[in-house]
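Structure first, commentary second.
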Amino acid sequence: MSPSQHPPVGVDAADRFRDASFPLIFERAAPGRRAARPPVVDGAPMAELLGEEHLRAQPPGLPEVAELDLVRHYTQLAHRQFSIDGNVYPLGSCTMKYNPKVHEEVAKRFQDVHPYQDEASAQGVLTVLAELQDDLASITGMDTVSLQPAAGAHGELAGILMIRAYHEAKGEGEQRRVVICPDGAHGTNPATASMAGYDVVEVPTGPDGEVDLDAFRAALGPNVAAVMLTNPNTLGLFETRILAIAEAAHAVGAQLYYDGANLNAIVGRARPGDMGFDVVHLNLHKTFTTPHGGGGPGTGPVGVKAHLAPYLPAPLLVRRDDGSVGAEGQRPTAIGRLRSHYGNVGNLVRAWAYIRTLGLEGLRRVSTMAVLNANYLRVRMREAGYQIAFDRVNMHEFVARPPDGLKTLDLAKMLLDYGVHPMTVYFPLVVREAMMVEPTETESIETLDAYAAVLGQVLRDAQRDPSLAHDAPRNTPVRRLDEVGAARRPILRYQVPQA
Ligand SMILES: *Cc1c(COP(=O)(O)O)cnc(C)c1O
């Protein structure tokens, strides 16, 4: 295709926004308009109180808009944004559950605490964090937890660096060069291993959808530093041979890493620590509430068995003899700091509130309902004409695909026109045209039925008229993007359209 046939992507997208009369906030601005004014204190304007020397010479480059313009701008933007508050969002692996608003309220109570405040005046929030450390340790079956990492992938890096430090301390750092990941692993697992300097060896998925135990045993040896697994795995299937896997890994001196992104399936019922895992990360934003998507905000605490505790990222929160909570002193064996201050405190408080609201019984109900909902939707999708990759009882998610001849991408785009979010598509890589569905525990049976009905409808539409599939989405503010063009000929600067 010649460049002239290929409109630059950014301009194309900007045109569509303009068609839908959606200007940038700077384009809504007019000189002299104000949404807020600096306060007047005792009759004196702020500028006077501050003194000339504290005023900036040039005004900041902010848009001058009235309050109503400002409110409309962000309200309209919010309506273009897809969110779990708007409709069902069964994005496999990412656990897009409803985040109860009461936990936002709790997190807001702590918004004025400053990280440089002295510990004595911040005992409330520090106690919450220390309790969360303990709760997460008992939920995962681990001995010690650090709240530092700022995402699941960040927790993975912490975990693999700890494993490296452990092997180095035993004088085996040189010898152990390999991290084993299954072929269905989330991309962050091999990426983490490689960032930490390891070679990645992939083991295949067996015909039952679980790790192929013979191939796994064959890959093990004295050169293996770690095995990274998630259980249930990315096909939503419980690894029933996990105890044999753990035993075989430990027999060659390797450490077993648990990717906790799928904890929603087992929370309150089974613990990675009891399955033989040495390190886990949790995605608090997935399992324990926090609105997420679009890259943040996340929190990925890591928990370890006692033999790895010396390497946990600093600082840990410790309970002092006088009953107060504070950051520990120096711990030279720590892998170092991974994040400033105490971690992503707002998310940590949300997770604490979520766990304390539900209690153990409530957490058990989370995993029970998550698994029940996923199994129900699997059967409904099969009835609607989809193929199920491993059609057996699954955990909190499952992998489907469309009948031969139809493309997952087309069907996913068609779903957008019905105002529902697609499932995760083309992951895991081991299933062709994969559709990975995770309804979570927070959707009702009526919503699951409605979603299954839409899935059936788009399948029939795509079979009846291929152009319907190919042209979708039709009703979204931006239609199908040219992803190749976006990569090859990116337009990185927005230009104000000429009248
Ligand atoms: C989400 C996810 C990760 C990465 O977690 P982030 O918090 O997005 O960094 C790792 N593994 C699996 C299976 C996941 O679903």
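Just to verify a result, which residue in the range 175-205, among those that are acidic (Asp, Glu) and open to solvent by 50 Å² or more (accessible area, probe 1.4 Å), is farthest from the chain's Cα centre (by Cα)? Only one residue fits best here, namely 199.
Residues in the range 71-103 that are surrounded by 16 or more Cβ atoms within 10 Å (Cβ to Cβ) and not in a loop (DSSP other than H, G, I, E, B) were compared, and the one that is nearest to the ligand (Cβ to nearest atom) is 91.
Residues satisfying the criterion are present in the range 94-112 (criterion: β-branched (Val, Ile, Thr), more than 27 Å from residue 429 (Cα to Cα) and out of contact with any Cys (no Cβ under 6 Å at 6 or more places or on another chain)).
Within the set 214, 208, the sole residue that is surrounded by fewer than 24 Cβ atoms within 10 Å (Cβ to Cβ), within 20 Å of residue 434 (Cβ to Cβ) and either assigned by TED's automatic domain parsing to the domain that holds residue 397 or modelled with pLDDT of 95 or more (or both) turns out to be 208. Scanning the range 287-335 for residues that are within 30 Å of residue 85 (Cα to Cα) and either in a helix (DSSP H, G or I) or more than 16 Å from the ligand (Cβ to nearest atom) (or both) yields one hit, 287. Just for the range 255-275: of the residues that are surrounded by 18 or more Cβ atoms within 10 Å (Cβ to Cβ) and in a loop (DSSP other than H, G, I, E, B), which one is farthest from the ligand (Cβ to nearest atom)? Within the range 255-275, the match that is farthest from the ligand (Cβ to nearest atom) is 268. Filtering 422, 439 for residues that are assigned to a loop (DSSP other than H, G, I, E, B), open to solvent by less than 30 Å² (accessible area, probe 1.4 Å), touching a His at 6+ places or on another chain (Cβ under 9 Å) and at pLDDT 95 or above leaves a single hit, 439. Here residue 157 passes the criteria (1) in contact (Cβ under 8 Å) with a residue 40 or more places away in the chain; (2) assigned to a helix (DSSP H, G or I); (3) open to solvent by less than 30 Å² (accessible area, probe 1.4 Å) except the one numbered (3). Testing residue 148 on (1) of a type in the set (S, T, N, Q); (2) under 17 Å from residue 311 (Cα atoms); (3) more than 16 Å from the ligand (Cβ to nearest atom), one condition comes back false. Which one is that? (3) is the only condition that residue 148 fails.
Criterion first (surrounded by 14 or more Cβ atoms within 10 Å (Cβ to Cβ), in a loop (DSSP other than H, G, I, E, B) and at positive phi) does residue 476 satisfy it? Against the criterion (surrounded by 14 or more Cβ atoms within 10 Å (Cβ to Cβ), in a loop (DSSP other than H, G, I, E, B) and at positive phi), residue 476 does not qualify.
Given the criteria surrounded by fewer than 24 Cβ atoms within 10 Å (Cβ to Cβ), outside the structural domain of residue 367 (by TED's automatic domain parsing), in contact with a Gly (Cβ under 7 Å, 6 or more places away or on another chain) and aliphatic (A, V, I, L, M), does residue 252 qualify? When the stated conditions are applied, residue 252 passes them.
Of the residues 117, 111, the single one that is free of Cβ contacts under 8 Å to residues at least 12 places away in the same chain, open to solvent by 30 Å² or more (accessible area, probe 1.4 Å) and not in a helix (DSSP H, G or I) is 117.
For the range 184-235, the candidate set comprises residues that are among the hydroxyl-bearing types (Ser, Thr, Tyr) and within 18 Å of residue 254 (Cα to Cα); within that set, the residue that is farthest from the ligand (Cβ to nearest atom) is 198.
Considered as a group, the residues in the range 360-371 that are hydrophobic (A, V, I, L, M, F, W, C) and surrounded by 16 or more Cβ atoms within 10 Å (Cβ to Cβ) include one that is farthest from residue 447 (Cα to Cα), and that residue is 363.
Scanning the range 384-402 turns up one or more residues that are hydroxyl-bearing (Ser, Thr, Tyr), in contact (Cβ under 8 Å) with a residue 40 or more places away in the chain, open to solvent by less than 40 Å² (accessible area, probe 1.4 Å) and touching a strand residue (DSSP E or B) at 6+ places or on another chain (Cβ under 6 Å).
Taking the range 381-395 on its own, how many of its residues are in contact with a Phe, Trp or Tyr (Cβ under 8 Å, 6 or more places away or on another chain) and not hydrophobic (A, V, I, L, M, F, W, C)? So the answer is 0.
Residues are listed down the side, and each one gets a yes or a no for (1) farther than 30 Å from residue 259 by Cβ; (2) in contact with a Lys or Arg (Cβ under 8 Å, 6 or more places away or on another chain); (3) among the charged types (D, E, K, R):
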| position | (1), (2), (3) |
| --- | --- |
| 27 | yes, no, yes |
| 33 | yes, no, yes |
| 36 | yes, no, no |
| 42 | yes, no, yes |
| 56 | yes, no, yes |
| 61 | yes, no, no |
| 70 | yes, no, no |
| 85 | no, no, yes |
| 89 | no, no, no |
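The values are calculated or read from the model by the stated rules, or taken from the named source; none is laboratory data. From a predicted model like this one, the values you see are computed outputs, not experimental measurements. Note that we place each Cβ from the backbone using ideal geometry, even for glycine, and neighbour counts take in every protein chain shown. Ligands, DNA and RNA are excluded from the accessible area calculation, which covers all protein heavy atoms including side chains. Shrake-Rupley method; radii C 1.70, N 1.55, O 1.52, S 1.80 Å.
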